[in-house]
């Protein structure tokens, strides 16, 4: 058996990467949650219809064998080549719409380790394009004992906001983009200075708007006392919209480039249900 040596610096970096990569699937609890979307990683300007409720359960799985260092070079996560990190879980979202302009909701994992509360207001909607603002908070919860004097990032709440833009090139082809920033409400022990997130989704409908083919791109940047953490992810996927009150979302994920982050691959399944 190969002997494994303990490296303190590597261990600290690995723990930081584990936290940043494992908060939540794909769009991640590092971003604002609780809001609806028409594609995969980006939000859209359109909100849930007046006095209607969306309920969305979802399942995700992703895995990683490699991580990027501070120079974007790939290395094995573990000292043994046959080791791999799996992350699997279930989550749900509930969103309520008002006046066809405003929505608010909550997202949570089934173990309730954290919840995300978010709202969106569509302040400008034209025939082909629109703009909306978003705001919300991510709150750690769960069933555990913590030392409040240490102030790990995983035990601190975040708050932030952003802007969403949507544009319809044709009746079938559209794009959504979301830019947001979140900041911890208290200073963390690793001096985390918040995160910036940029998402772009392109969707094209076929079969009389019953199937939407999607290419989604997501970039996130986080800085702390270890350095910069960056990752660029590609999400190919589709939505199936054959029913009146439900949408099925299927997507894969491929991390394409990063710094001090895991290189993840995986998939996601979500079922969006609408109730009057």
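The values are calculated or read from the model by the stated rules, or taken from the named source; none is laboratory data. Quick caveat, the model's predicted, so the values are computed rather than measured. Note: ideal-geometry Cβ built from the backbone for every residue, glycine included; neighbour counts use all protein chains shown.
Here are some notes:
- Search result, residues across the range 133-153 that are in contact with a helix residue (DSSP H, G or I) (Cβ under 7 Å, 6 or more places away or on another chain) and under 16 Å from residue 183 (Cβ atoms): 140, 153
Yes/no matrix, rows are residues, columns are (1) part of a strand (DSSP E or B); (2) modelled with pLDDT under 95; (3) within 19 Å of residue 34 (Cα to Cα):
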site: 162; (1), (2), (3): yes, no, yes
site: 188; (1), (2), (3): no, yes, no
site: 198; (1), (2), (3): yes, no, yes
site: 219; (1), (2), (3): yes, no, no
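- Residue 113 vs. criteria closer than 26 Å to residue 273 by Cα, surrounded by 14 or more Cβ atoms within 10 Å (Cβ to Cβ) and touching a helix residue (DSSP H, G or I) at 6+ places or on another chain (Cβ under 9 Å): yes
- Looking across the range 48-73, the residues that are part of a loop (DSSP other than H, G, I, E, B) and touching a strand residue (DSSP E or B) at 6+ places or on another chain (Cβ under 9 Å) come down to 48, 49, 50, 51, 52, 69, 70, 71, 72.
- Residue in the range 74-81 that is crowded, with 21+ Cβ neighbours inside 10 Å, touching a residue at least 40 places away in the same chain (Cβ under 8 Å) and in a strand (DSSP E or B) present: no
- Residue check for residue 86: over 22 Å from residue 203 (Cα atoms) and surrounded by 15 or more Cβ atoms within 10 Å (Cβ to Cβ): no
- Considering the range 193-247, the residues that are in contact (Cβ under 8 Å) with a residue 60 or more places away in the chain and out of contact with any strand residue (DSSP E or B) (no Cβ under 8 Å at 6 or more places or on another chain) include one that is nearest to residue 179 (Cα to Cα), namely 224.
- Yes/no for residue 174 being part of a strand (DSSP E or B), in contact (Cβ under 8 Å) with a residue 24 or more places away in the chain and either under 22 Å from residue 131 (Cβ atoms) or in contact with a helix residue (DSSP H, G or I) (Cβ under 6 Å, 6 or more places away or on another chain) (or both): yes
- Candidates are the residues of the range 222-261 that are closer than 26 Å to residue 48 by Cβ and outside any strand (DSSP E or B); the one that is modelled with the highest pLDDT is 241.
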